[in-house]
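Visitor: Dumping the structure here so I can ask a few things about it.
The values are calculated or read from the model by the stated rules, or taken from the named source; none is laboratory data. All values reported here derive from a predicted model rather than from experimental measurement. Virtual Cβ from ideal backbone geometry, glycine too; neighbours counted across all protein chains shown.
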Amino acid sequence: MSAVRGEWPLWEVFVRGKRGLNHVHVGSLHAADAEMAVRNARDVYTRRNEGVSIWVVKASDVTASSPDEKDPLFAPAGDKVYRHPTFYDVPADVPHM
Amino acid sequence: MTQVQDEQELQAQFDAVVARHDRIEPRDWMPEGYRKTLVRQIAQHAHSEIIGMQPEGNWVTRAPSLRRKATLLAKVQDEAGHGLYLYSACETLGVSRAELTELLIEGKQKYSSIFNYPTLSYADVGTIGWLVDGAAIANQVPLCRTSYGPYGRAMIRICKEESFHQRQGFELLMTMMRGTDAQRAMVQESVDRFWWPALMMFGPPDDASPNTAQSMAWGIKRDTNDELRQKFVDMTVPQAERLGVTLPDPAIAWNEDRGHYDFGEPDWEEFAAVVRGEGPCNAQRIAHRRRAHEDGAWVREAASAFAAQQSAQQSAQQQEVSA
């Protein structure tokens, strides 16, 4: 069997649900090239008007951080509570704040 | 700044994620048994969707109206989509699509035994929607909360679409029940054939299901086979009454004490035989899938060759421009 020879690359699919929203990752699929990936993505992921725009990206082109929750990559944000509005005390009777 | 963590620590982290009902994601460390169980279960699930196109696809050209044909086509196309969502989820565990297809057509991985029963009349299209997709929904809704992220996300998409499948089936049967005596008899005959196989879709009884406890501990399964079967019976009996069909089990009766319907025991010998490959359509389903795969080989190869040629031309043009 020439199974491996016929194996198409994997593409990650992102769909914009409607205007004004970000493209969101919805899943992946196999296709021989980018154009076929877009067509297949339409049939696999938007059969019920789930989107107005599709992006496809070769899975092998994605660079990811480590998935570990203790990843030091995210440590810098961990102790900066002063970046959140709730860190600041403002009297309850100050309007519009 | 990488720390060398021993397996115990990784196991403890994994257990903590599962214990707080959080999700495991593809690049997380996971016990080998967890990965293997998921590959087996998701692959079996994906294969079921793909093989599940055959019994109903059988009726596409003979649907009685354009409306019914469009519905059936849409439903069969959904099954293909569901298979693809699930294959993608399975591939995140490190198996390839080609491998999975090979395992299916070599008979080394299973699919749901329900699809080894034939669709002998058009009423079967309705019965499959009502009972088979109904049972699938009962099975799948709790799987939306399964501990493996990609599997749960695939299940959420699938469950949204399954509800159309069940409703179109029930509506089809209701329409036939409002028809002639012959049409009503057709519905009853179809329900008689599919009721017990539908109950078997939940798998063997809990005391004969050795993997259930481990799967529940890992958060892969959320309910036992018998719990889900009971839930399905409780939902379906009133629907059968509303439809005006008799479920082929004289033991079905409301049990006030339990707050559930009692029902009889499926023929587990038959179930085991169908799982072993001795059902009425096992050989036919696999042969058809194999033929479709092999007949499509030249298309896959031609598309790959075209893509390679296009990208070669593109890079040649880019070189010319930059030269």
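Visitor: Please enumerate the residues belonging to region B:133-156 that are crowded, with 20+ Cβ neighbours inside 10 Å and not polar (S, T, N, Q).
Guide: Within region B:133-156, B:Asp133, B:Gly134, B:Ala135, B:Ala136, B:Ala138, B:Leu143, B:Tyr148, B:Pro150, B:Tyr151, B:Ala154, B:Met155 qualify.
Visitor: On the given criteria, is B:Ala74 of a type in the set (Gly, Ala, Ser) and farther than 30 Å from B:Met174 by Cβ? Spell out how you get there, then give the answer.
Guide: Numbers: of a type in the set (Gly, Ala, Ser): yes; farther than 30 Å from B:Met174 by Cβ: no.
Here the answer is no, as B:Ala74 does not meet what is asked.
Visitor: Residues in region A:59-72: is at least one surrounded by 13 or more Cβ atoms within 10 Å (Cβ to Cβ), under 20 Å from B:Glu91 (Cα atoms), touching a residue at least 12 places away in the same chain (Cβ under 8 Å) and within 13 Å of another protein chain (Cβ to nearest Cβ)?
Guide: Checking region A:59-72: at least one residue is surrounded by 13 or more Cβ atoms within 10 Å (Cβ to Cβ), under 20 Å from B:Glu91 (Cα atoms), touching a residue at least 12 places away in the same chain (Cβ under 8 Å) and within 13 Å of another protein chain (Cβ to nearest Cβ).
Visitor: Name every residue in region B:99-132 that is of a type in the set (Gly, Ala, Ser) and surrounded by 19 or more Cβ atoms within 10 Å (Cβ to Cβ), in order of residue number. First the steps, then the outcome.
Guide: Let us first name the residues in region B:99-132 that are of a type in the set (Gly, Ala, Ser), namely B:107, B:112-113, B:121, B:123, B:126, B:129.
Residues satisfying the conditions are B:Ser112, B:Ser113, B:Ala123, B:Gly126, B:Gly129.
Visitor: Is one or more of the residues making up region B:236-251 surrounded by 15 or more Cβ atoms within 10 Å (Cβ to Cβ) and of a type in the set (Asp, Glu)?
Guide: Scanning region B:236-251 turns up at least one residue that is surrounded by 15 or more Cβ atoms within 10 Å (Cβ to Cβ) and of a type in the set (Asp, Glu).
Visitor: Same structure, new question: Show the residue pairs that are 6+ apart or on different chains and have beta-carbon atoms under 8 Å apart, the first residue being within region B:1-19 and surrounded by 12 or more Cβ atoms within 10 Å (Cβ to Cβ), the second being at pLDDT 95 or above and part of a helix (DSSP H, G or I).
Guide: B:Phe14/B:Tyr34
Visitor: Still on this model: Since A:Gly20 meets every condition but one in (1) at pLDDT 95 or above; (2) under 30 Å from B:Thr71 (Cβ atoms); (3) within 20 Å of the chain's Cα centre (by Cα); (4) not charged (D, E, K, R), which condition does it not meet?
Guide: Unmet for A:Gly20, out of (1) at pLDDT 95 or above; (2) under 30 Å from B:Thr71 (Cβ atoms); (3) within 20 Å of the chain's Cα centre (by Cα); (4) not charged (D, E, K, R): (2).
Visitor: Pull up region B:20-44, narrow it to residues that are within 14 Å of another protein chain (Cβ to nearest Cβ) and either under 30 Å from B:Asn282 (Cβ atoms) or of a type in the set (Asp, Glu) (or both), then point me to the one that is surrounded by the most Cβ atoms within 10 Å (Cβ to Cβ). So that I can check it myself, show each step before the final result.
Guide: Quick first cut of region B:20-44, residues within 14 Å of another protein chain (Cβ to nearest Cβ) only: B:20, B:22-30, B:42.
Checking the rest, the ones that are also either under 30 Å from B:Asn282 (Cβ atoms) or of a type in the set (Asp, Glu) (or both) come to B:22, B:25, B:28, B:42.
Numbers: B:Asp22: 13, B:Glu25: 13, B:Asp28: 17, B:Ile42: 29.
The residue in question is B:Ile42.
Visitor: Continuing with the same structure: Out of B:Gly107, B:Gly134, B:Gly81, B:Gly152, which single residue is within 12 Å of another protein chain (Cβ to nearest Cβ) and either more than 22 Å from B:Gly57 (Cα to Cα) or in contact (Cβ under 8 Å) with a residue 12 or more places away in the chain (or both)? If you could, list the steps in order and put the result at the bottom.
Guide: Details: B:Gly107 fails: within 12 Å of another protein chain (Cβ to nearest Cβ); B:Gly134 fails: within 12 Å of another protein chain (Cβ to nearest Cβ); B:Gly152 fails: within 12 Å of another protein chain (Cβ to nearest Cβ).
Just one listed residue meets the conditions, B:Gly81.
Visitor: Then there's this: When region B:84-104 is examined, which residues are found to be over 17 Å from the mean Cα position of the chain (by Cα) and more than 11 Å from every other protein chain (Cβ to nearest Cβ)?
Guide: Passing the criteria: B:Leu93, B:Gly94, B:Val95.
Visitor: Restricting attention to region B:45-71, and to residues there that are surrounded by 22 or more Cβ atoms within 10 Å (Cβ to Cβ) and hydrophobic (A, V, I, L, M, F, W, C), which single residue is farthest from the other protein chains (Cβ to nearest Cβ)?
Guide: Filtering region B:45-71 for residues that are surrounded by 22 or more Cβ atoms within 10 Å (Cβ to Cβ) and hydrophobic (A, V, I, L, M, F, W, C), the one farthest from the other protein chains (Cβ to nearest Cβ) comes out as B:Ile51.
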